[in-house]
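Notes for the one structure printed next.
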2 protein chains.
Amino acid sequence: MWKPAPHRVPAPGLPTSVRIYEVGPRDGLQAETAVIPTETKAQFIERLVAAGSRTVELTSFVSPRWIPQLADAEELMDRLHLPDSVRTVVLVPNRKGLERAVAAGAREVAVFVSATEEFAKRNLNSTVDGAIAAATEVTAAARALGLPVRGYISMCFGDPWEGTVPVERVADIAKTLVDSGVTSLSLGDTIGVGTPGHVLALLDALRERGIPTSQIAMHFHDTYGQALSNVYASLTAGVSEFDSSAGGLGRCPYAKGATGNLATEDLVWMLHGLGIDTGIDLDSLTDTSSWMAEQIGHSSPSRVVTALRAART
Amino acid sequence: MWKPAPHRVPAPGLPTSVRIYEVGPRDGLQAETAVIPTETKAQFIERLVAAGSRTVELTSFVSPRWIPQLADAEELMDRLHLPDSVRTVVLVPNRKGLERAVAAGAREVAVFVSATEEFAKRNLNSTVDGAIAAATEVTAAARALGLPVRGYISMCFGDPWEGTVPVERVADIAKTLVDSGVTSLSLGDTIGVGTPGHVLALLDALRERGIPTSQIAMHFHDTYGQALSNVYASLTAGVSEFDSSAGGLGRCPYAKGATGNLATEDLVWMLHGLGIDTGIDLDSLTDTSSWMAEQIGHSSPSRVVTALRAART
C-alpha cells in the first residue's frame, strides 16, 4: 500500500533546519466561534508537542470581553505540563495582560502592532503609533523580568481598507520594535495577498535597517494560495522561522469561507521535501489536526491533511 | 468597497511574460464523471478565451470507449470559432487519433508518455518504451504534416506504485522526445508530491542534455499544496510556460476528494503579483470558473476563486 510522503531533494543555499512557530492554539482557535473546552485545548497542545512541535503559542492574556474563546488562559496554563525544551509563548496586549501572563508562569510573551491605521483602529482600538507605544511599554517591562518578547506586525503586505502597504513603513516599524527590545519579529500577511517579489522586497528593507534574518519570522496566510511560495522565497533570503497553524486552523476574518493561516502540514511537506529538518512527524500532526477538526466541527482546509486522509480510505 | 487584487512587486531575474497553457477543457473535464454537453464545453472554451487565455487544450481524440466525456471531439471542434491568435492543441494517443484530429482541423497536437512502468501499464496500457515508440511515431507523422507537437511526460516526480522517480530517467525520456521532433515538453507532477529542490534538480538534468528552457512547460498538481512554490522555483530557473486548469477543474484520480490540477486563478495571482504578464483578466476568469463549477455540480477548489467569491458577498 502506497503511503504518500515528500521526497527529500534539497535545493542549494537554503537553511538546513527551520523552526515552525505553531499558532493553532491561539491564533487558530481565536477565529473559531464554537467554544472549545479547556481540556480539549490542553490535549490539542500536548498532541502537537507529541507530534514534534518545538514552539507553540499557547493562548492570549487579552480581556475575556474581547475574545471569549481565550478567557481560560490561566486555567489552560495551569493544566499544561510541557517539557522545558518546548518554546511556549503567550500573547499579551498590555501591562495588565503581562501581569496575568507572568503570574501564570509564561516563559515568553508576544506583543502586537499593525502596519496600517485602519486595522490598528478596528482590531486594536488604537492608532499605529499608539499600538507601538503600548507594545514597547510591555516589551520593556517583560525584558526587565528576563522574558524574551516576540513582536507581531499585522498587515505587512496589503490591507482591505488601505491597499498595498509600503515595505518602508513596515521596515520602520520593525526597526522601532527591535530598538525597543523585542527579541524576534513576526511579519504577517494578514489577508494573504502577498507574492514572492513583495516578500523579497520587504526582507531587503529589513536588511537595510540592520535587522538580522535570525530575528525574523514570516507569518503567511493562504487565502489566495500564495503562502508556500512566499515561504520558499523567504527561505532563499535566509529566513528560518515560519508561523503556521495545525490543519490550517483559523479562518480568514475578511472573507467568509476563505482560508486563513497557512497549514502546518502543507509547510512541513515542502520543508521535508527540501530536506529541511522541522522535528515534526507529519502523520502524527495530521492525526492531531483531523481530531481537532472534529472538535470544532468543520474540516481542515489543508491540502496535505485532505490528501493524506483521502489516500488512507 | 475593497476589491482584492495582487499587488505588482517584481522579483529580480524572472521572465517578464508567461504563457499559461489552459488544460481545463481537456485534462480537467476528463476527470469529471458528469457528462457535459458539447455546447457547454464550447461556451467554456469561448469564455476562457474571452478572459484572456491565449493557449487552450481543447479536447482529446482518444477512443470514446476510454474517455466517454471527450467522445464529442469532432463535434466540439466543429462548433468552436476561435481567433487565429489563440494557440489550440488537441491530445492524440495514436495514428488513428491523429487522423481524426487533422480531419477536424487541429492546429497542434499533444502526445503522451509516462516516466514510470506502472502508470504506463495502467493508464496507457503499454510499457514506458512502448508509449515512447507510439508517441514518436505520431510525432513524426504530425511534423510531416507541418503541425507542432507537444510531448507530455507523466509521473515525473513521484508515482503511487514506484515512489520517487529519478530525474535522470525523466531527462532521458525528455531527450528522446525532443530528438524525435516534439516542439515542446510538458513535465507533469501527476500526483502533486514534488517540492522546489526536486523541480530544480530535474530542470538541471534537462539543461545538461541540451534541452532549451524555452521548450519546457511545467505541469504541477496542487494535491499537497505544493504547485505554486514549484512554479516559483521553475520561474527562477527560466521556465515561462505552465499548465493549469481554470478553477482547478479536474480532481486527483489517486486520492478521492483531493485537489488535482493547479488552478489557473491561483497561478495568475502569483504571476501578476510578480509583475509577470499573462494576458488574463482574473475577474473574468473567476466568473468563468464559477459558472463551470455550477455546470459540473461541485465547487472550485481554487483558493483565489473561493476568496474572491467570499469577498464579493
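Data for the structure
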read-out: Count of residues meeting criterion [more than 20 Å from B:HIS219 (Cβ to Cβ) and either more than 13 Å from chain A (Cβ to nearest Cβ) or charged (D, E, K, R) (or both)] in region B:242-287; value: 6
read-out: Residues that are of a type in the set (S, T, N, Q), out of contact with any helix residue (DSSP H, G or I) (no Cβ under 6 Å at 6 or more places or on another chain) and at pLDDT 95 or above, drawn from region A:115-138; value: A:THR116
read-out: Selection status of A:VAL178, under 24 Å from A:SER244 (Cα atoms), out of contact with any strand residue (DSSP E or B) (no Cβ under 8 Å at 6 or more places or on another chain), open to solvent by 20 Å² or more (accessible area, probe 1.4 Å) and aliphatic (A, V, I, L, M); value: no
read-out: Test: residue in region B:199-220 that is closer than 17 Å to B:SER302 by Cβ and either among the hydrophobic types (A, V, I, L, M, F, W, C) or touching a Leu at 6+ places or on another chain (Cβ under 6 Å) (or both); value: yes
read-out: Those residues of region B:1-32 which are hydrophobic (A, V, I, L, M, F, W, C) and either touching a residue at least 60 places away in the same chain (Cβ under 8 Å) or more than 13 Å from chain A (Cβ to nearest Cβ) (or both), in sequence order; value: B:TRP2, B:ALA5, B:VAL9, B:ALA11, B:LEU14, B:VAL18, B:ILE20, B:VAL23, B:LEU29, B:ALA31
read-out: Residues of region A:64-81 satisfying the condition of being over 21 Å from A:ALA34 (Cβ atoms) and at pLDDT below 95; value: A:HIS81
read-out: Any chance B:LEU228 is at pLDDT 95 or above and at the interface with chain A (Cβ under 7 Å from one of its Cβ atoms); value: yes
read-out: Tally of residues being open to solvent by less than 10 Å² (accessible area, probe 1.4 Å), of a type in the set (D, E, K, R) and within 14 Å of another protein chain (Cβ to nearest Cβ) across region B:144-175; value: 1
read-out: Checklist (1) open to solvent by 40 Å² or more (accessible area, probe 1.4 Å); (2) assigned to a helix (DSSP H, G or I) applied to B:THR136, failing item; value: (1)
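The values are calculated or read from the model by the stated rules, or taken from the named source; none is laboratory data. From a predicted model like this one, the values you see are computed outputs, not experimental measurements. Backbone-built Cβ (ideal geometry, glycine too); neighbour counts: all protein chains shown. Ligands, DNA and RNA are stripped out before the accessible areas are found, and what is left, the full protein with its side chains, is counted by its heavy atoms. Shrake-Rupley method; radii C 1.70, N 1.55, O 1.52, S 1.80 Å.
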